[in-house]
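Accompanying notes for the structure given below.
The values are calculated or read from the model by the stated rules, or taken from the named source; none is laboratory data. Owing to the predicted nature of the structure, the values given are computational and were not obtained by experimental measurement. Glycine gets a Cβ as well: all are built from the backbone with ideal geometry, and neighbour counts include every protein chain shown.
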Amino acid sequence: MECKRCVSDDSFPNLALDGNGVCGYCRTHSDMEEAYPVSEDKLEALAGETIQSGMNKPFDAVVGISGGKDSSYLLYLCHELGIRVLAVHYDNGWDTAIAKTNMATITEALGISFINYKVDQIEVDSLIKAFLFSFTQDAEAATDLGLVKCLFHAATSYGIKYILDGHSFRTEGIAPLGWSYMDGRYIRSVHKAHGTARLRTYPLLGLADQVWYGLKGIKRPRPLYYIDYNSDYVRTFLEKEYGWKWYGGHHLENTYTAFFDYYYRFNKLGYDGRKVEYSALIRSGQMNREDALNLLKEPILTKEQQDNILSEIKERLGLTGDVFARIMNPIYRMTKDDWPTYRIHFKLLKPLFWAMAKTKRIPDSFYLKYCKGV
Amino acid sequence: MADQVNTKWIYPPNFDGTFPVDTPCGHKRYTVNFGCFSDGTGEEDVTKIRRSDLLSIEGTVPKSLVIEKIEYDVSGMTVLIDWSSNTDDRIAVLNASTGIMDFAALGGLHINDTNPGDDPEWGSIIFNTTTDTFGSSDIDEPLDAPDPGSSYNITFTVRAKS
């Protein structure tokens with residue numbers, strides 16, 4: 001079963017096709033096009049609100065950066081709009097040299113203040129190993145929650161009310177809700193069972209943090225939703241204007257993320273992350289379906305890229321060939337339901353999270369996924 | 001001509017940046033203030049906190065430093081703060097602004113590199129206000145030179161990790 005418009009298929013959970021053979025993800029994309037039309041006025045209005053909220057403060061907004069093209073372009077956009085930004089990078093120690101150089105280049109060129117939140121490597125690697133040994137599909141969960149906590153921490157340190165997100169549904173797409181799950185209790189449970197070090201300092205976003213930061217009134221809008229965001233144009237623009245460097249593919253700026261998205265998910269779980277991206281590009285008219293299908297026939301990573309990534313992962317995490325083979329064996333598989341999580345708490349607190357989603361204090365997708373259980 | 005710079009160790013008391021030889025008087029946390037009043041010259045790759053100077057109670061060099069807090073007031077210039085390491089990991093870019101970043105609740109800022117050996121300079125904290133020599137380095141472009149009269153006042157709280 002596959003969508004006739006994009007390249008979503010059975011590997012996407014709950015792939016509901018309509019009478020025309022078009023999937024629910026395409027319909028969501030169309031809904032989002034209506035909700036977030038390309039509009040200079042709306043972008044200016046958002047910039048105005050952000051700048052207004054930053055009066056008498058050193059910064060108007062926090063922007064999380066990775067050295068990738070979306071967050072780098074968002075910095076440029078903020079600069080053009082006159083938003084005074086504090087750039088924050090959550091550094092889990094797996095960044096590529098290109099990503100580091102890109103962050104240094106763009107922040108200096110635009111005169112943007114920057115903080116690199118480098119967390120304890122022993123704890124990060126212990127979390128990564130714990131998730132790999134648990135055979136779950138959420139081996140990136142700790143990174144995502146660590147990133148969010150660092151962004152909120154930076155925002156509250158300065159009393160900043162806006163965290164601008166560099167996501168673009170027109171080029172990155174919307175990952176299927178069933179592909180990943182994350183919450184602080186889940187991560188602690190998995191780590192308690194399989195971790196190799198004590199979690200003493202890791203910035204893990206817990207339920208209390210989520211509620212606390214939500215009540216603080218920090219908003220997390222996505223400015224790239226309001227522009228005609230073209231992936232190829234942005235890449236060329238950044239390369240030409242700022243000496244920014246392309247790292248070879250979406251999410252390849254971080255070795256662990258590249259491993260997780262393009263090797264672990266594909267080989268163990270059967271998820272091809274490119275389908276999300278290509279589907280989004282098809283829906284927004286930046287790629288045609290035939291080209292996407294042809295590209296999907298190509299290997300995700302080149303032999304050299306794969307060898308480099310695997311050798312770094314095995315070496316740094318101390319995984320021998322047998323252990324790694326066991327981790328990658330699709331037979332060994334567990335889900336979040338095998339571990340204690342906050343799911344019951346999210347459901348009990350549904351009205352609170354609904355109100356927070358309505359006031360843009362948490363992303364709509366969080367409410368839909370964790371509270372409503374879509 | 002050169003910038004007027006000064007370093008003031010706030011904690012431990014009576015500490016001047018290095019322990020007297022054979023004196024086992026190490027501390028775990030250090031607070032140090034750096035001031036600069038620029039004549040437009042700027043600083044290039046200046047080691048501000050040298051890891052190998054901060055001896056533990058046993059007189060050993062800490063494995064690494066962890067930054068717990070940065071309080072800053074920068075005016076008229078940009079201060080690039082890096083770890084001294086193989087890759088010159090960036091800690092922060094401070095433009096003209098004032099702020100307090102307390103990282104203690106998040107476990108502090110760590111260095112993203114492993115010590116290749118006994119390099120005493122590794123893991124130290126360095127400042128740049130003129131030229132950026134980041135990493136391996138594709139970026140070697142001069143920053144805007146500090147304006148004459150520009151200044152910074154930056155206080156670090158660091159933890160020595162043994």
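Residue-level check: of (1) of a type outside the set (S, T, N, Q); (2) surrounded by 16 or more Cβ atoms within 10 Å (Cβ to Cβ); (3) part of a loop (DSSP other than H, G, I, E, B), residue B:59 misses just (2).
Given the criteria at pLDDT 90 or above and in contact with a Pro (Cβ under 7 Å, 6 or more places away or on another chain), does residue A:74 qualify? So residue A:74 fits the description; yes.
Counted as qualifying within the stretch A:2-83 are the helices (runs of 4 or more DSSP H) with 1 or more residues that are within 14 Å of chain B (Cβ to nearest Cβ) and out of contact with any Ser or Thr (no Cβ under 7 Å at 6 or more places or on another chain), namely A:69-81.
Taken over the stretch A:104-148, the criterion of being at the interface with another protein chain (Cβ under 7 Å from one of its Cβ atoms), crowded, with 22+ Cβ neighbours inside 10 Å and not in a loop (DSSP other than H, G, I, E, B) is satisfied by A:104, A:105, A:107, A:108, A:113, A:114, A:115, A:116, A:117, A:118. Looking across A:159, A:214, A:166, one residue alone is within 14 Å of chain B (Cβ to nearest Cβ) and touching a residue at least 60 places away in the same chain (Cβ under 8 Å). It is A:159.
For the condition closer than 29 Å to residue A:252 by Cβ and among the hydrophobic types (A, V, I, L, M, F, W, C), residue A:331 qualifies. If you go through the stretch A:289-304 and keep only what is modelled with pLDDT of 90 or more, surrounded by 12 or more Cβ atoms within 10 Å (Cβ to Cβ) and of a type outside the set (Lys, Arg), you end up with A:291, A:292, A:293, A:295, A:296.
Scanning the stretch A:314-347 for residues that are of a type in the set (Val, Ile, Thr) and surrounded by 15 or more Cβ atoms within 10 Å (Cβ to Cβ) gives A:323, A:327, A:341. Pairs are defined by a Cβ separation below 9 Å, a sequence spacing of at least 6 or placement on different chains, a first member in the stretch A:18-29 that is within 15 Å of residue A:2 (Cβ to Cβ), and a second member that is assigned to a helix (DSSP H, G or I) and among the charged types (D, E, K, R); the pairs so defined are A:18/A:27; A:25/A:283; A:26/A:283.
Scanning the stretch A:214-231 for residues that are touching a Ser or Thr at 6+ places or on another chain (Cβ under 7 Å) and either modelled with pLDDT under 90 or of a type in the set (Val, Ile, Thr) (or both) turns up A:216, A:231.
The rows are residues; the columns are (1) part of a helix (DSSP H, G or I); (2) modelled with pLDDT under 90.
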{"site": "A:233", "(1), (2)": "yes, no"}
{"site": "A:240", "(1), (2)": "yes, no"}
{"site": "A:248", "(1), (2)": "no, yes"}
{"site": "A:259", "(1), (2)": "yes, no"}
{"site": "A:265", "(1), (2)": "yes, yes"}
{"site": "A:279", "(1), (2)": "yes, no"}
{"site": "A:282", "(1), (2)": "yes, no"}
{"site": "A:287", "(1), (2)": "no, no"}
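Restricting attention to the stretch A:290-341, the residues being among the polar types (S, T, N, Q) and out of contact with any helix residue (DSSP H, G or I) (no Cβ under 9 Å at 6 or more places or on another chain) number 4. Taking the stretch B:73-116 as the region of interest, none of the strands (runs of 3 or more DSSP E) fully inside it holds 3 or more residues being more than 9 Å from chain A (Cβ to nearest Cβ), on the phi < 0 side of the Ramachandran plot and among the hydroxyl-bearing types (Ser, Thr, Tyr).
With respect to residue A:197, is the statement that it is within 14 Å of chain B (Cβ to nearest Cβ) and part of a loop (DSSP other than H, G, I, E, B) true? Criteria met by residue A:197.
Among the residues making up the stretch B:124-138, those that are in a loop (DSSP other than H, G, I, E, B) and either modelled with pLDDT under 90 or in contact with a His (Cβ under 6 Å, 6 or more places away or on another chain) (or both) are B:130, B:132, B:133, B:134, B:135, B:136, B:137, B:138.
Residue-by-condition table, conditions (1) among the polar types (S, T, N, Q); (2) farther than 18 Å from residue A:172 by Cβ; (3) away from chain B (no Cβ under 14 Å); (4) in contact with a strand residue (DSSP E or B) (Cβ under 9 Å, 6 or more places away or on another chain):
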| position | (1), (2), (3), (4) |
| --- | --- |
| A:202 | no, yes, no, no |
| A:205 | no, yes, no, no |
| A:208 | no, yes, no, no |
| A:222 | no, no, yes, yes |
| A:284 | yes, no, yes, no |
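From the list B:89, B:39, the one residue that fits, being buried (at least 21 other Cβ atoms within 10 Å of the Cβ) and out of contact with any helix residue (DSSP H, G or I) (no Cβ under 6 Å at 6 or more places or on another chain), is B:89. Residue-level analysis places residue A:317 among those that are closer than 18 Å to residue A:255 by Cβ and modelled with pLDDT of 90 or more.
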